[in-house]
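What follows is a short report on a single structure.
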Amino acid sequence: MNKEAFLRWIITVLIPIVVLYSNGNLQITWAMPKEEVETVRIGANLELTGSVAPFGHSALKGMQLAVREANAEGGIFGKQIQLVERDNQSQSLYAQETMRQLIVDEKVMAVLGCAASSNTIAAVNWMEGTSNQVPVITPTGTNPRVTVRTDGRVRDFVFRACFIDPYQGNIMANFVINSLGIKRVAILTDNSSNYSKALTGTFMEQLAKNGGSVVGIQYYLQKDMDFYGILEQVIKEDPDAIYVPGYYEEVGRIVRQARAMGYQKPMLGGDGWDSPQIVNIAGTDNLENTFFVNHYSSSDPNLRVDKFVEEYRKSYREEPNALAALGYDAAKLLIDAMRRSQEITLENVRVALEKTNNEDFVTGRIYYNRYHDPIKSAVVIRFINGQQVFKERINP
Ligand code: PHE
């Protein structure tokens, strides 16, 4: 490098540029070498190790596929998208630290994640306590508190690609009455999870509205191994079905143990059932006559689903679950909003996200209500021979 080039390099590359955003926030960014200036950096804050690592890995694969496809189409205004991937270890505290690293150290334009509601809530609480807000889209965090604070204020920069828990609780309660034609249901709730408790609440309310009744309810905790005691308590009431709105690990053991006790009637759940591991934990035969609400089904007869499943299989040699589909859709939501922004600023992308309204998503059409929750369809899935089989799509 000659002297002049070196000087130019110092001026254009090394000197920090102070950017004054219109909202008055002072933000310091460093001019990067040319290759890096040309990329749009998006963070992924995901559960890649720890208790729900399969959730994070599936979501990440979906995100990576969407980013690869978008880059092949020319990226965003000619700039390539770079996904900056970080592991939050399935823990709230690390989810916050990961958010800090992505926004402050890595200077990403937006964050995709986390997968679990509790981690997402912790991460966005941290972000809102700083002056470093960027658009955040959780692919799969279904708890209402992800986008709305406890004081009722909508979080300006936080969005989701999935429906919310009250909605999936209602859908299962309607399915029980309308499709299964049964009324007396028992419930096993994971008392260590906001997700499970929220689903239990809305399911009970809607079931009662529909003329059904809860004939027994028992509680367990994450990592519990032995459910025979609480199963005995509910099975003695002879319920027509047992609703288990938990995560796949405990759910798998519960289904296995209920069947071992001779309970063959329907067992029901929500999106927390969606992991390939559930088949190994519960056992293929034990999963017969079980149904759960999900965001999408890879066997849904739909062109967009077919195309996604084909591309995903090509890349990863496995079937995409709902987390993968939502990871893909979360990335597409962001890329779509960035492409609709005249110029990519945080505020433009935020407003563009709010105005999202199109049918190009794998999990169906997405548009937002004022709580940043998408209005969208759900599906009910049935296990047959250990395979998730599409049963029906339910529109909002
Ligand atoms: N909905 C769960 C949560 O909010 C995460 C999840 C989504 C789990 C989809 C499984 C499948 O914590």
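The values are calculated or read from the model by the stated rules, or taken from the named source; none is laboratory data. Keep in mind the model is a prediction, meaning the values are calculated, not measured. Here Cβ is always computed from backbone atoms with ideal geometry, including for glycine, and neighbour counts include all displayed protein chains. Please note that ligands, DNA and RNA were not included when accessible areas were found on the heavy atoms of the full protein model with its side chains. Shrake-Rupley method; radii C 1.70, N 1.55, O 1.52, S 1.80 Å.
Only residues in the stretch 256-272 that are among the polar types (S, T, N, Q) count as the first member; pair them with residues that are open to solvent by less than 10 Å² (accessible area, probe 1.4 Å), Cβ under 9 angstrom, at least 6 apart or cross-chain, and list the lot.
257/227; 257/231; 264/258
Taking only the stretch 259-282 into account, find how many residues are under 15 Å from residue 231 (Cβ atoms), open to solvent by 10 Å² or more (accessible area, probe 1.4 Å) and in a helix (DSSP H, G or I).
Residues meeting the conditions: 2.
Taking the condition part of a loop (DSSP other than H, G, I, E, B), within 27 Å of residue 339 (Cα to Cα) and modelled with pLDDT of 95 or more, does residue 108 pass? Walk me through it before giving the result.
Numbers: part of a loop (DSSP other than H, G, I, E, B): yes; within 27 Å of residue 339 (Cα to Cα): yes; modelled with pLDDT of 95 or more: yes.
Taking the combined requirement at face value, the residue satisfies it.
Within the stretch 194-230, take every residue that is open to solvent by less than 10 Å² (accessible area, probe 1.4 Å) and either among the acidic types (Asp, Glu) or touching a Phe, Trp or Tyr at 6+ places or on another chain (Cβ under 7 Å) (or both) and give me the one that is nearest to residue 119 (Cα to Cα).
220
So which of 345, 290 ends up being in the same structural domain as residue 188 (by TED's automatic domain parsing) and of a type in the set (S, T, N, Q)?
Values: 345 fails: in the same structural domain as residue 188 (by TED's automatic domain parsing).
That would be 290, the only listed residue that is in the same structural domain as residue 188 (by TED's automatic domain parsing) and of a type in the set (S, T, N, Q).
Please list, ordered by first then second residue, the pairs with beta carbon atoms under 7 Å, 6 or more apart or interchain, first in the stretch 189-206 and not assigned by TED's automatic domain parsing to the domain that holds residue 223 and among the β-branched types (Val, Ile, Thr), second modelled with pLDDT of 95 or more and open to solvent by 30 Å² or more (accessible area, probe 1.4 Å).
Qualifying pairs under 7 Å: none.
Would you check which residues across the stretch 73-92 are outside any strand (DSSP E or B) and farther than 13 Å from residue 47 by Cβ and list them? Steps first, please.
Pass one, the stretch 73-92, residues outside any strand (DSSP E or B): 73-75, 77-78, 88-92.
Within the stretch 73-92, 73, 74, 75, 77, 78 meet the criteria.
So which residues in the stretch 147-172 are among the hydrophobic types (A, V, I, L, M, F, W, C), in contact with a His (Cβ under 7 Å, 6 or more places away or on another chain), more than 10 Å from the ligand (Cβ to nearest atom) and open to solvent by less than 20 Å² (accessible area, probe 1.4 Å)?
Once the filter is applied, which keeps residues that are among the hydrophobic types (A, V, I, L, M, F, W, C), in contact with a His (Cβ under 7 Å, 6 or more places away or on another chain), more than 10 Å from the ligand (Cβ to nearest atom) and open to solvent by less than 20 Å² (accessible area, probe 1.4 Å), the stretch 147-172 yields 158, 159.
How many residues, within the stretch 267-316, are within 16 Å of the ligand (Cβ to nearest atom) and within 24 Å of residue 194 (Cα to Cα)?
Residues flagged as within 16 Å of the ligand (Cβ to nearest atom) and within 24 Å of residue 194 (Cα to Cα) within the stretch 267-316 amount to 20.
Counting only residues that are in contact with a Phe, Trp or Tyr (Cβ under 6 Å, 6 or more places away or on another chain) and aliphatic (A, V, I, L, M), which one in the stretch 231-252 is surrounded by the fewest Cβ atoms within 10 Å (Cβ to Cβ)?
Once the filter is applied, the top-ranked residue is 235.
Looking only at residues in the stretch 107-131 that are open to solvent by 50 Å² or more (accessible area, probe 1.4 Å) and touching a residue at least 24 places away in the same chain (Cβ under 8 Å), which one is nearest to the ligand (Cβ to nearest atom)?
So, considering only residues that are open to solvent by 50 Å² or more (accessible area, probe 1.4 Å) and touching a residue at least 24 places away in the same chain (Cβ under 8 Å), the one nearest to the ligand (Cβ to nearest atom) is 118.
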